[in-house]
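A quick write-up on the structure given underneath.
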Amino acid sequence: MIKFATLLSVIFLFYSNTLFANITNKIVEKLSNTDNIYFNFEQITSKQIETGKCLIVFPGKLKCKYDGNENKEILIKKNSLYIIKHKFKRSYRYSTKKSVFNIILDKSKLLENIKLTDKSKIYETENQYSYELNSTNGNFIKIFFNKTDKKLKGWETISYNQEIVIFNILDSKTNIKFDENFALPNYKF
């Protein structure tokens, strides 16, 4: 009886490792063939839920326009994150060199981290796979992929003020033609 239970454990372990390796390969292939992603989003923190539209261009660019009366925008380029509030004609700059965006927006780093993810850090739910990535600078990051089409579905991380942020990608389109120039507004102080 013990030998049979051991055999079943080995078969199950082999099957689950093979299954996650196959899934990871499909996710890597899908992401490798993605140059940009245009999508609606939902950003959830303990204080609020925000929505809007975003464009990610690999490597290193992100632009999100938030719904709402502040006319808020997030722009990431050249290792800098800008929070722009058009209503108040203000922008705030933060470095992304040691942030999770250093991984999320760098496709080669993202692919490398996904491939190296320990199988015990890959989770499956009804509609997605999630990968807990090992950030070299100690930041927590969990990346979500759609179970059906293996597209990037979002991420969970800890914000600058130590708050959990869940960023859900909705209705994504990949490799679209766009005319976005990722320019900062010229607000003089």
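The values are calculated or read from the model by the stated rules, or taken from the named source; none is laboratory data. Computed from a predicted structure; not experimentally measured. No Cβ is skipped: glycine too gets one built from the backbone with ideal geometry, and neighbour counts run over all protein chains shown. SASA here: full protein model, heavy atoms, side chains in, ligands and nucleic acids out. Shrake-Rupley method; radii C 1.70, N 1.55, O 1.52, S 1.80 Å.
Taking amide H positions as modeled 1.01 Å from N, with prolines and chain starts lacking one, the residues under 5 Å from GLY60 and 5 or more places away or on another chain are ASP106, LYS107.
By the helix-only formula, in which each DSSP H run with n ≥ 4 contributes -39500 (n - 2.57) and the sum is divided by residues, the chain has a 222 nm mean residue ellipticity of -8000 deg cm²/dmol. Taking a sphere under 13 Å around the Cβ of LEU62 and counting the other residues whose Cβ falls inside, with K and R at +1 and D and E at -1, yields a net charge of +4. The accessible surface of segment 133-189, taken with every protein chain in place and a 1.4 Å probe, is 49 percent carbon and sulfur.
Full extension of the chain between LYS97 and THR34 gives 20.4 nm of extra length, using 0.36 nm per residue less the Cα-Cα distance. Here r is the Cβ-Cβ distance between GLU180 and ASP149 and R0 is 25 Å; the resulting FRET efficiency, rounded to 0.05, is 0.55. Using the structure shown, list the pairs from LYS121/LYS150; LYS72/LYS97; LYS107/LYS142; LYS65/LYS89; LYS109/LYS151 with a Cα-Cα distance above 19 Å, or answer none. Pairs exceeding the cut-off: LYS72/LYS97. Which one of ILE176, TYR187, ILE164 is farthest out on the positive end of the charge dipole of segment 111-189, using unit charges on Cβ (Lys, Arg +1; Asp, Glu -1) and the Cα centre as origin? Selected residue: ILE176. Charged side chains reduced to their Cβ positions (Lys and Arg at +1, Asp and Glu at -1) give the chain a dipole of some 660 debye around its Cα centre. In segment 9-128, a dipole from Cβ-located charges (positive for Lys and Arg, negative for Asp and Glu) runs towards its positive end, and of SER91, LEU110, LEU75 it is SER91 whose Cα lies farthest in that direction.
In the chain, the longest principal axis of the Cα atoms and the axis of helix 107-116 are about 20 degrees apart. Any idea what the relative contact order of the chain is, in percent, if you count C-alpha pairs under 8 Å spaced at least 6 apart? With pairs under 8 Å counted, the relative contact order is 21 percent.
Could you tell me the accessible area of TYR94 in Å² (1.4 Å probe, neighbours in place), rounded to the nearest ten? The accessible area comes out at roughly 90 Å². Centre-to-centre separation between the Cα atoms of segment 129-167 and those of segment 40-111: 14 Å. Surface listing: ASP179, ASP171 arranged by accessible area from highest to lowest gives ASP179, ASP171, probe 1.4 Å. Sparsely packed loop sites in segment 66-95 (the trypsin sites (Lys or Arg not before Pro) outside DSSP H, G, I, E and B with at most 13 other Cβ atoms within 10 Å) comprise LYS78, LYS89.
Between the helical axis of 2-32 and the longest alpha-carbon principal axis of the chain there is an angle of about 30 degrees. A Förster radius of 22 Å, combined with the Cβ-Cβ distance separating LEU111 from LYS53, puts the computed FRET efficiency at roughly 0.30.
Note on surface exposure: ASP67, ASP118, ASP106 rank ASP67, ASP118, ASP106 by accessible area, highest first, 1.4 Å probe. Per-residue Karplus couplings for segment 77-84, computed as 6.51 cos²θ - 1.76 cosθ + 1.60 with θ equal to phi - 60°, are listed in order as 6, 6, 6, 10, 10, 10, 9, 10 Hz, Gly and Pro entered as x.
Label-to-label distance, THR45 versus ASN25, with points set 7 angstrom from Cα along the beta-carbon direction: 4.2 nm. Average accessible surface for the chain: 61 Å² per residue, computed with a 1.4 Å probe over protein heavy atoms with every protein chain in place.
If you sort GLU163, GLU112, GLU180 by accessible surface, 1.4 Å probe, largest first, the order is GLU112, GLU180, GLU163. If you run the Gaussian network model on the chain, springs between alpha carbon atoms under 10 Å, then out of GLY60, GLY68, GLY154 the most flexible one is GLY68.
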